Amino acid sequence: MRTATVSRKTRETDINLTLNLDGTGKNSIETGIGFFDHMLMALAVHSGMDFSLSAVGDLFVDSHHTVEDTGIVIGKAFAEAVGQKIGIARYGSAYIPMDEALGFCAVDISGRPFLVFNAEFSDDRIGDFDTCLAEEFFRAFAFNAGITMHINLLYGKNDHHKCEAIFKAAAHALKQAATLRNGDVLSTKGVL
């Protein structure tokens with residue numbers, strides 16, 4: 001079973017996650033940031049992963065530490081659940097429309113972390129979520145998961161739709177890349 005449990009406790013956050021890559025549709029997500037919970041639920045549901053996530057952070061400061069550290073924890077759990085990467089598709093990509101917005105994500109579960117993030121938002125916040133933290137979440141996730149991730153928001157007007165389009169695109173790309181196929185590690189080197 002491709003699962004992982006990761007905890008991270010600092011002076012700023014206390015985060016506990018159990019992740020199942022081959023989920024059954026059971027998700028529990030609580031970060032104290034409503035819109036971020038909504039995005040994480042979209043990530044879980046559309047990727048087919050199950051998240052049992054509890055995050056308590058210093059929200060009296062702002063939501064940066066909670067969002068970034070949640071990305072770290074989800075990234076570490078993803079890497080642990082994928083394991084040695086034997087038999088996975090490795091690559092995935094998806095275009096996802098959300099009303100007038102169109103998001104794209106391509107990933108390579110390569111062990112070589114990198115993030116390209118091209119998305120701009122009109123407003124500073126969506127609910128209690130600082131829009132600049134979308135990039136911080138994906139950077140923390142990609143670098144701790146050991147994946148190369150390219151996210152592009154092609155267009156859109158409504159920031160809620162734009163953000164949701166990129167989270168769902170990331171979810172579908174990750175689902176495709178983590179899918180099991182026949183064979184060894186997909187690499188000319190024989191290892192990743």
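The values are calculated or read from the model by the stated rules, or taken from the named source; none is laboratory data. These figures come from a predicted structure and were not determined experimentally. Don't worry about glycine lacking a Cβ; one is built from the backbone with ideal geometry, like all the others, and counts go over all protein chains shown.
Could you list, in sequence order, the residues of the stretch 131-189 that are in a strand (DSSP E or B) and within 14 Å of the chain's Cα centre (by Cα)?
THR148, MET149, HIS150, ILE151 - these are the residues of the stretch 131-189 that are in a strand (DSSP E or B) and within 14 Å of the chain's Cα centre (by Cα).
Looking only at residues in the stretch 82-95 that are aliphatic (A, V, I, L, M) and surrounded by fewer than 19 Cβ atoms within 10 Å (Cβ to Cβ), which one is farthest from LEU154 (Cα to Cα)?
Of everything passing the filter in the stretch 82-95, ILE86 is farthest from LEU154 (Cα to Cα).
Please tell me if THR66 is touching a residue at least 60 places away in the same chain (Cβ under 8 Å) and among the β-branched types (Val, Ile, Thr).
no
Among the candidates LYS162, LYS157, single out the residue that is basic (Lys, Arg) and over 23 Å from ASP37 (Cβ atoms).
Of the residues listed, the single one that is basic (Lys, Arg) and over 23 Å from ASP37 (Cβ atoms) is LYS157.
Of the residues ALA173, ALA165, only one is closer than 12 Å to CYS105 by Cα, out of contact with any Leu (no Cβ under 9 Å at 6 or more places or on another chain) and buried (at least 19 other Cβ atoms within 10 Å of the Cβ); which?
ALA173
Answer yes if at least one residue in the stretch 38-50 is on the phi > 0 side of the Ramachandran plot, touching a residue at least 40 places away in the same chain (Cβ under 8 Å), surrounded by fewer than 21 Cβ atoms within 10 Å (Cβ to Cβ) and under 15 Å from the mean Cα position of the chain (by Cα), and no otherwise.
yes
State which residue pairs qualify: first residue at positive phi and at pLDDT 95 or above and inside the stretch 12-35, second residue aliphatic (A, V, I, L, M) and in a loop (DSSP other than H, G, I, E, B) in any location, beta carbons under 6 Å apart, and separation of 6 or more residues or different chains.
Pairs found: GLY32/LEU59.
Looking only at residues that are acidic (Asp, Glu) and in a loop (DSSP other than H, G, I, E, B) in the stretch 40-73, which one is nearest to THR24 (Cα to Cα)?
ASP58
Residue pairs, Cβ under 7 Å, 6 or more apart or interchain, first in the stretch 79-90 and of a type in the set (A, V, I, L, M, F, W, C), second crowded, with 16+ Cβ neighbours inside 10 Å and assigned to a helix (DSSP H, G or I). List them.
Qualifying pairs under 7 Å: ALA79/ASN144; ALA79/ALA145; VAL82/ALA178; ILE88/VAL82; ILE88/ALA177; ILE88/ALA178; ALA89/GLN176; ALA89/ALA177.
Within the stretch 74-110, can you find the residues that are touching a helix residue (DSSP H, G or I) at 6+ places or on another chain (Cβ under 7 Å) and in a helix (DSSP H, G or I)?
ILE74, GLY75, LYS76, PHE78, ALA79, VAL82, listed by residue number.
Which one is surrounded by the most Cβ atoms within 10 Å (Cβ to Cβ), of the residues in the stretch 124-150 that are charged (D, E, K, R) and under 20 Å from PHE60 (Cβ atoms)?
Filtering first and then ranking leaves ASP130.
Would you pick out the residues in the stretch 144-185 that are in contact with a Cys (Cβ under 7 Å, 6 or more places away or on another chain) and of a type in the set (D, E, K, R)?
Of everything in the stretch 144-185, nothing turns out to be in contact with a Cys (Cβ under 7 Å, 6 or more places away or on another chain) and of a type in the set (D, E, K, R).
Can you tell me which residue within the stretch 96-121, out of those that are aromatic (Phe, Trp, Tyr) and surrounded by 15 or more Cβ atoms within 10 Å (Cβ to Cβ), is farthest from the chain's Cα centre (by Cα)?
PHE121
Please verify whether the stretch 102-118 includes one or more residues that are of a type outside the set (A, V, I, L, M, F, W, C) and at positive phi.
Taking every residue of the stretch 102-118 in turn, at least one turns out to be of a type outside the set (A, V, I, L, M, F, W, C) and at positive phi.
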